[in-house]
Structures are given as structure tokens and as C-alpha cells.
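> Sharing a structure with you now.
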Amino acid sequence: MPMKGRFAPSPTGRMHLGNVYSALLSWLSVRSQGGTWVLRIEDLDPQRSHRIYAEQIEDDLHWLGLDWDEGGLENMPANPSSQQGSVSYIQSERGTIYTHYLNKLKEKGLTYPCYCTRADIMATQAPHEADGRVVYAGTCRPKNLDQAWSNVDSHPSGRKPATRIIVPDEEISFVDAHYGPLSVNLARHCGDFVLRRADGAWAYQLAVVVDDALMGITEVVRGRDLLLSAPQQIYLYRLLGFEVPTFCHLPLLCNETGQRLCKRDKSLDMGEIRRSGRSPESVLGQLAFYAGIIDRPEPVSALELVPEFSWTKVPVEDIYVSK
Ligand code: GLU
């Protein structure tokens, strides 16, 4: 398969330096291998996603000189036939595709309706101390799946159900290109997980797998906050018969207090950075220095970094960002 990478931002706010770090390294990896770079808009959260943020993301990427070959708000794919009926790179427009793959998993007898509220789930399981994750206890997992699905409109709770997938009690192993081998038992790590929310919104785990597979993505580069999502995704890749891409997770950029940057860290978001009068080359030089690609944080263009790029230079330790 031809080499293809992607940047898949959620348009829930202005990009911060950590988002740009992921975009830059994915872009450099693709450009240094002569591949194709895709921009996919992950606007699955209907409450938090706004088109204006997607427009700002595109504008910031243009400003930085990180050009994409496919995707975004306007572009059509080079090969629409590979898109199985949809040419959109905006997740909110891809619901019929997700429905198709959700139904495949349902036909395999692997999904069930779940009526638990967040409060129900919290009552059965305390959040995991280290990272706040909650392992679903399987409260709604039915003995008879067909019966469970035939009763969805007449459930005593009167609620609409979410859809969960049954996970096996076994290790899923893979090798991250940056962090090395990893094994996770999904039953212990997360339990049966959600593919579609009760309000109809698609879960990230399903959408990201379907999209990366159908868009022909061969290399997934993103922050290591998503490292432990990879086994859930690999499980879905295998069930749906898709080829698993290379995963390459990145160290996180942290603020002075050691917290990973988030969209609330206004001082390090692209709006503030651009308003402060900094040049794109200055921002790229700072990030390329953090990535070990250049020895000093000096201004540099995206194109000048391509010949300097190598994954072997990129650190695995998280990075503390100074303003
Ligand atoms: N949309 C996700 C985010 O902005 C990234 C998903 C991914 O790269 O797999 O955090």
C-alpha cells in the first residue's frame, strides 16, 4: 500500500502547541517518505465541535506551511471509489458508513444495547486511580443477544440504549513504532466499550478505525495519550478484516505544572501565539527542537525540516514547554 499519514484534529477549540507538534511530525514523516497526507475533521462530539474551529485549524496549518493532499473541509479524495460511497473527510458526514460497519459487528453477535447512565457505571466501579479510566463491569451484557436487541423499544428504563462491543479476556499485543511492544487485556483495561452513544453520536474508537482503514492510512502518528486506545482499535481492525496501520505515538507537551497541554492553556494556543507576532518559522523551530530534529530552537520552515527528519531523533520523554 502507498504510504499515507493523517492528522485528525477534533474541532473543539483552537489548536495548541501539542496539536501542532503531532501535525508537524506526521507531516514530516509523510513528506520524508514521499507519501500522502490526509486532514480529517473529527467532529463527532455534537456539543463541542464547531465549524469555525475546523476553519481555524486549516488556517493555522496553512500559516505553518503544513499542506495536505486530501481531506479538509473542501477537498475531495484523489480516488473517490475507495471511499465506498462517501467522499467526505468530515466525520459528521460519514454516519452511513459507520452504520454499515456497526451492523457488521452486530451480525457477528458482538454488540449489545446498554442502558447504563454514567451514574450507574460510577456506582459499580470507581475510576482507575492512575488515569481516571472506568472499566465497564458488563452490567447490560445479555445472555441472549437477539432478545436484547428485539427489546430496545420497550426497555423498562424507557431510555434509548448505547451500543457496546463485547471484548475478549485476552491480551492484545502490538509494537508501537516509537514506544515498542505493548500488551493490553481489554476486559481488564476498559471492559466492553461503547461504539455508539445513547444520543446517537458515534464513538471515536469505531469512527477512527473505519476512517483510517477506508482512507488507506498506513501510519498513525498522534500523542501518547492515545497509546492505550490502540489495542481497542486493533481489536476492531481485526474483527472488520482491515489491515492494521503502523502506530507511532509521540511524547506529550506539558505545561510548567507537568500537565499535558490542553485547549484551556490559552497562552500556548495558536490564536495567542499568532497574536503575539511570532512567525511560523519561529514556532516550527521551537517544535523541531523539542523533536530533536534541530540542535537549537532557531527559525526554520517546514520544507527545510524534511531532509533533517528522522524518527530516531524524536525523544520518548514528555516535553516541558516554556512560553
Ligand atoms: N481527534 C483526536 C484528537 O483530536 C485524535 C485522534 C487520532 O489521532 O487518532 O485528539
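> For segment 144-252, which strands (runs of 3 or more DSSP E) that fit wholly inside it have 2 or more residues that are within 16 Å of the ligand (Cβ to nearest atom) and either among the hydrophobic types (A, V, I, L, M, F, W, C) or open to solvent by 50 Å² or more (accessible area, probe 1.4 Å) (or both)? Spell out how you get there, then give the answer.
Working: elements: 162-165, 171-176, 180-185, 193-196, 219-223, 246-250.
So the answer is 193-196, 219-223, 246-250.
> If you take the residues of segment 256-311 that are among the acidic types (D, E) and in a loop (DSSP other than H, G, I, E, B), which of them is surrounded by the most Cβ atoms within 10 Å (Cβ to Cβ)?
Looking at the filtered set, the residue picked out is D265.
> Within segment 110-137, how many residues are touching a Ser or Thr at 6+ places or on another chain (Cβ under 8 Å), surrounded by fewer than 17 Cβ atoms within 10 Å (Cβ to Cβ) and in a loop (DSSP other than H, G, I, E, B)?
Of the residues in segment 110-137, 1 are touching a Ser or Thr at 6+ places or on another chain (Cβ under 8 Å), surrounded by fewer than 17 Cβ atoms within 10 Å (Cβ to Cβ) and in a loop (DSSP other than H, G, I, E, B).
> For Y21, all conditions in the list (1) more than 10 Å from the ligand (Cβ to nearest atom); (2) surrounded by fewer than 20 Cβ atoms within 10 Å (Cβ to Cβ); (3) hydroxyl-bearing (S, T, Y); (4) within 18 Å of M270 (Cα to Cα) hold save one; what is the number of the exception?
If we test Y21 against (1) more than 10 Å from the ligand (Cβ to nearest atom); (2) surrounded by fewer than 20 Cβ atoms within 10 Å (Cβ to Cβ); (3) hydroxyl-bearing (S, T, Y); (4) within 18 Å of M270 (Cα to Cα), just (2) comes out false.
> Also: Filter segment 87-109 for residues that are without any contact (Cβ under 8 Å) to a residue 24 or more places away in the chain, closer than 30 Å to P9 by Cβ and either outside any loop (DSSP other than H, G, I, E, B) or open to solvent by 70 Å² or more (accessible area, probe 1.4 Å) (or both) and give the result. Full working, then the answer.
Taking segment 87-109 first, the residues without any contact (Cβ under 8 Å) to a residue 24 or more places away in the chain are 87-88, 93, 96, 99-100, 103, 107.
Within this subset, residues satisfying the condition of being closer than 30 Å to P9 by Cβ are 87-88, 93, 96, 99-100, 103.
Passing the criteria: E93, T96, T99, H100, N103.
> Okay, next question. For C140, work out the one condition from (1) over 22 Å from the mean Cα position of the chain (by Cα); (2) buried (at least 16 other Cβ atoms within 10 Å of the Cβ); (3) assigned to a helix (DSSP H, G or I) it doesn't fulfil.
Going through the list (1) over 22 Å from the mean Cα position of the chain (by Cα); (2) buried (at least 16 other Cβ atoms within 10 Å of the Cβ); (3) assigned to a helix (DSSP H, G or I), C140 breaks only (3).
> If I ask for residues that are open to solvent by 80 Å² or more (accessible area, probe 1.4 Å), assigned to a helix (DSSP H, G or I) and closer than 13 Å to R14 by Cβ, which ones from segment 42-68 would you list?
I52, E55
> Can you name the condition, by its number, that S82 falls short on among (1) within 14 Å of the ligand (Cβ to nearest atom); (2) modelled with pLDDT under 95; (3) small (G, A, S); (4) touching a Gly at 6+ places or on another chain (Cβ under 8 Å)?
Condition (1) is where S82 drops out.
The values are calculated or read from the model by the stated rules, or taken from the named source; none is laboratory data. Small disclaimer: the values here were computed from a predicted structure and weren't measured. A quick note on method: Cβ atoms are made from the backbone with ideal geometry, for glycine too, and the neighbour counts reach across all protein chains shown. Heads up: the accessible areas ignore ligands, DNA and RNA and are worked out on the full protein's heavy atoms, side chains in. Shrake-Rupley method; radii C 1.70, N 1.55, O 1.52, S 1.80 Å.
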